[in-house]
1. I'm trying to understand the selection: among the residues of the range 1-22, which are over 18 Å from residue 76 (Cβ atoms) and either in a loop (DSSP other than H, G, I, E, B) or touching a Ser or Thr at 6+ places or on another chain (Cβ under 7 Å) (or both)?
2. Can you spot a residue in the range 245-256 that is touching a Leu at 6+ places or on another chain (Cβ under 8 Å), in a loop (DSSP other than H, G, I, E, B) and surrounded by 15 or more Cβ atoms within 10 Å (Cβ to Cβ)?
3. Those residues that are surrounded by fewer than 21 Cβ atoms within 10 Å (Cβ to Cβ) and over 14 Å from residue 238 (Cβ atoms), I need them from the range 267-280; list them, please.
4. Within the range 291-305, identify whether any single residue is without any contact (Cβ under 8 Å) to a residue 12 or more places away in the chain, within 13 Å of residue 38 (Cβ to Cβ) and of a type in the set (D, E, K, R), and answer yes or no.
5. Cβ-Cβ under 9 Å, sequence separation 6+ or interchain: first residue in the range 122-136 and part of a helix (DSSP H, G or I), partner surrounded by fewer than 18 Cβ atoms within 10 Å (Cβ to Cβ). Which pairs?
6. Please state which of the following conditions residue 121 fails to meet, knowing it meets all the rest: (1) within 22 Å of residue 183 (Cα to Cα); (2) touching a strand residue (DSSP E or B) at 6+ places or on another chain (Cβ under 8 Å).
Amino acid sequence: MASEPILECVPNFSEGMDAKVVRQIVASMRVEGVRLLDYSLDADHNRSVVTIAGNPAAVVEAATLAAGKAAQLIDLTAQTGVHPRIGAADVVPFVPVSGISLADAATLARQAGLQIWRRFGVPVYFYGAAAGRPDRVLLEDVRRGQFEGLREAVLKDASRRPDVGGPELHPSAGASAVGAREFLIAYNLYLAPSADISHARAIARDLRGSSGGLHGVKALGVLANGRPQVTMNVTNFLRTPMPEVHQAVARLAHDRGTAIADGELIGLLPETAYEATAAWLQEIPSFDPAEKILERRLEQPMDWPSAYA
């Protein structure tokens, strides 16, 4: 008998300071057939990232409920952070894990987007493999202008309007970008104390694929926890392995008279990207493979938090 299909969802929410709000959002995702694999808060980016996986239909329902809870609890007109965002439930990506294709994940993403609009009044843009237009495949194109800019653009430019709902954004929850993609590794590197934000920005510019750097690497230079950081999404770790990404940042930092201090992994890592002795992993403080590797977390998921804790 074939194993049951497993779908992952990694929603990002525009709240990283209020742990109670994030717990309520995570608790809303507790649906039969869904496992909680990871969640984290980042106060500097004012953002939280949750990873769930399980039965595809149940995962779609959990993600939909979370988008509704985020719309209830997060007011973007009073929210700031260094990370680009257009919505309370800013990005809702579905990722095939096993027994399910990327095309299947895209279909499920479209179902989720329709439910988010119908049930909670939050308009939706489809991106990645779920995109219905070539200019919406890339998330950065969808998020251009962020919440404040997009809120004005949809009133003047029909090409910027949501795929589902609208045309106006939700007044406080904005819009959600709902999509399907292959596995992505969210990886940050802090630079040495002697560096400043200009170093991080220059390194990110030279590193990202869109600037002629590494294929499938998206990067920004930001100030996080008061420290210069190169924040990255590695969208194709098979073609551009993580040690290559780490080496490139180290080389670019050296060229600018600085160095890497330590690393940070947001969310989970697939087993195929894990090498216990890899330098990039050894620079991540307290990295625990039992907690941070997807396949191991599926076997030993986290307990769901209480919304009232």
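1. First, pick out the residues of the range 1-22 that are over 18 Å from residue 76 (Cβ atoms): 1-10, 19-20.
Matches in the range 1-22: 1, 2, 3, 4, 5, 6, 8, 10.
2. First, pick out the residues of the range 245-256 that are touching a Leu at 6+ places or on another chain (Cβ under 8 Å): 245-246, 248-249, 252-253.
Now restrict to residues that are in a loop (DSSP other than H, G, I, E, B): none.
Within the range 245-256, not a single residue is touching a Leu at 6+ places or on another chain (Cβ under 8 Å), in a loop (DSSP other than H, G, I, E, B) and surrounded by 15 or more Cβ atoms within 10 Å (Cβ to Cβ).
3. Correct list: 276, 277, 278, 279.
4. Looking only at the range 291-305, we keep the residues that are without any contact (Cβ under 8 Å) to a residue 12 or more places away in the chain, and these are 299-300.
The next check asks that each one be within 13 Å of residue 38 (Cβ to Cβ); those that pass are 300.
Add one more test, that the residue is of a type in the set (D, E, K, R), and what stays is none.
No, because not a single residue in the range 291-305 is without any contact (Cβ under 8 Å) to a residue 12 or more places away in the chain, within 13 Å of residue 38 (Cβ to Cβ) and of a type in the set (D, E, K, R).
5. Sorted first by the residue in the range 122-136, then by its partner, the pairs are 135/141; 135/159.
6. Result: residue 121 fails condition (1) only.
Residues checked against (1) among the β-branched types (Val, Ile, Thr); (2) without any contact (Cβ under 8 Å) to a residue 12 or more places away in the chain; (3) buried (at least 19 other Cβ atoms within 10 Å of the Cβ):
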| site | (1), (2), (3) |
| --- | --- |
| 58 | no, no, no |
| 63 | no, no, yes |
| 82 | yes, no, no |
| 85 | no, no, yes |
| 108 | no, no, yes |
| 113 | no, no, yes |
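Conditions (1) within 27 Å of residue 8 (Cβ to Cβ); (2) of a type in the set (A, V, I, L, M, F, W, C); (3) modelled with pLDDT of 95 or more, marked per residue:
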| residue | (1), (2), (3) |
| --- | --- |
| 179 | yes, no, yes |
| 183 | yes, yes, no |
| 209 | yes, no, no |
| 249 | yes, yes, yes |
| 264 | yes, no, no |
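The values are calculated or read from the model by the stated rules, or taken from the named source; none is laboratory data. Everything quoted here is computed from the prediction, not taken from an experiment. Please note: Cβ atoms are built from the backbone with ideal geometry, for glycine as well, and neighbour counts cover all protein chains shown.
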